[in-house]
Amino acid sequence: MRSRANLASHPIHPMLVSLPIGLWIGAFVFSLIAYFGQRSAFNVAAFYTLIAGCVGAVLAAIPGVIDLFTVVPDRSSARTHGYLHGAVNTLALVLFAYAAIRQGSPYDAPDQITLLIELIGIGCISYSGWIGGTLAYRNQIGVEHLQANAGTMKERTVESFDRPVCNQSELGEGQAMLVHIGSERIAVARCTEGIFAFSDRCTHKGGPLSDGAIIGCAVQCPWHGSQFDIRNGRVIAGPAEEHLKTYDIEITAGEVYIRRQPNVPNRKAA
Ligand code: FES
């Protein structure tokens with residue numbers, strides 16, 4: 001899923017997170033030296049790196065929040081990871097801001113409680129980094145996939161089911177696109193037997209199927225590899241157990257329309 005907050009296709013959030021991580025860890029090291037070494041110059045360094053880390057955290061949060069609400073599929077395990085990542089980072093921000101307030105000024109020395117608060121804050125950003133790793137390396141948030149024949153994945157928002165979602169010539173064989181209609185995320189893909197529309201939400205943990213690989217007339221979820229037949233939504237391979245919602249389509253003058261009512265499968269995979 002391509003990041004919305006990007007610079008030349010590179011997600012901005014991972015570029016900026018190094019600011020709070022480096023500055024806050026630096027602040028903790030400076031605080032330790034100031035406390036145990038009784039060096040006043042390190043009081044100054046600790047105080048200002050604490051504040052700079054807080055500013056860096058706010059800057060890093062902005063593209064992170066944008067991607068959380070525009071890229072990460074809702075009702076998915078990645079959205080839960082994203083909320084947890086944001087909550088732990090917010091806690092870290094509060095802790096380090098409180099550490100700066102507690103130190104008081106660049107001329108005051110940090111006390112034991114301040115050191116302890118900073119240490120807990122470092123624990124928070126370490127845990128948050130671990131969740132961030134899950135988001136990036138397992139859920140592939142911010143990873144830009146190319147499709148068969150090196151096509152960039154298309155994404156489109158249409159006002160209603162009465163509007164065409166694409167022209168049939170836009171999709172080559174083995175290619176998919178993501179269409180937003182109201183609150184629905186619908187994948188449209190072409191396989192050897194034509195164009196088919198199906199729910200973008202994997203029935204396992206909500207993975208984005210439009211971002212998966214189209215193999216024959218099957219789609220493989222990018223998160224844990226479940227496979228579905230895109231013609232009828234049937235599960236071909238798990239871990240998903242529930243069949244996928246599919247939609248009938250209509251092609252008029254080359255324009256592809258999705259029928260409003262999905263075909264809701266009424267049974268699990270055998
Ligand atoms: S979300 Fe787990 S296989 Fe799709």
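All of the numbers you see were taken from the coordinates with simple rules; none came from a lab. Here the structure is a predicted model, which is why all the values come from computation and not from measurement. Cβ sites come from the backbone with ideal geometry, for glycine too, and all protein chains shown count toward neighbours.
A few points about this structure:
- Candidates H180, H243, H85: whichever shows maximal mean-square fluctuation once the chain is modelled as a Gaussian network with Cα springs under 10 Å: H180
- Computed about the Cα centre, the dipole magnitude for segment 34-184 is approximately 360 debye when only Lys and Arg (+1) and Asp and Glu (-1) carry charge, each at its Cβ.
- No disulfide-compatible partner, judged by a Cβ distance under 4.7 Å, exists for the following cysteines of the chain: C54, C124, C166.
- With Cα atoms, 0 to 90° folded angle of helix 18-37 axis to the chain main axis: 20 degrees
- Part-to-part distance (alpha-carbon centres) for segment 175-220 and segment 133-162, which is given in Å: 10 Å
- Helix axis angle, 40-70 relative to the chain longest principal axis, alpha carbon, degrees: 10 degrees
- Averaging the sequence gap over all C-alpha pairs within less than 8 Å and six or more residues apart, then dividing by the number of residues, gives segment 147-263 a relative contact order of 22 percent.
- Counted by Cβ distance under 14 Å from G82, the other residues give a net charge of +3, where Lys and Arg count +1 and Asp and Glu count -1.
- Counting only Cβ charges, +1 for Lys and Arg and -1 for Asp and Glu, the dipole size of segment 101-190 around its Cα centre is about 220 debye.
- The chain - charge dipole about Cα centre, Lys and Arg +1 at Cβ, Asp and Glu -1, debye rounded to 20: 320 debye
- Bridges between two residues of the chain, per DSSP, are antiparallel at a rate of about 90%.
- Here's the picture: charge each Lys and Arg Cβ at +1 and each Asp and Glu Cβ at -1 in the chain, and of I66, A97, S226 the one pushed furthest to the positive end of that dipole is S226.
- Degrees, to the nearest 10: 77-103 long Cα axis against longest axis of the chain: 10 degrees
- Sequence-separation-based contact order of the chain, relative, with Cα cut under 8 Å and 6+ spacing, percent: 14 percent
- Sorting the segments 248-254, 217-223, 34-40 by their mean number of nearby beta carbons within 10 angstrom, highest to lowest, gives 217-223, 34-40, 248-254.
- MRE, 222 nm, helices only [DSSP H, n ≥ 4, -39500 (n - 2.57), over the chain, to nearest 500]: -13500 deg cm²/dmol
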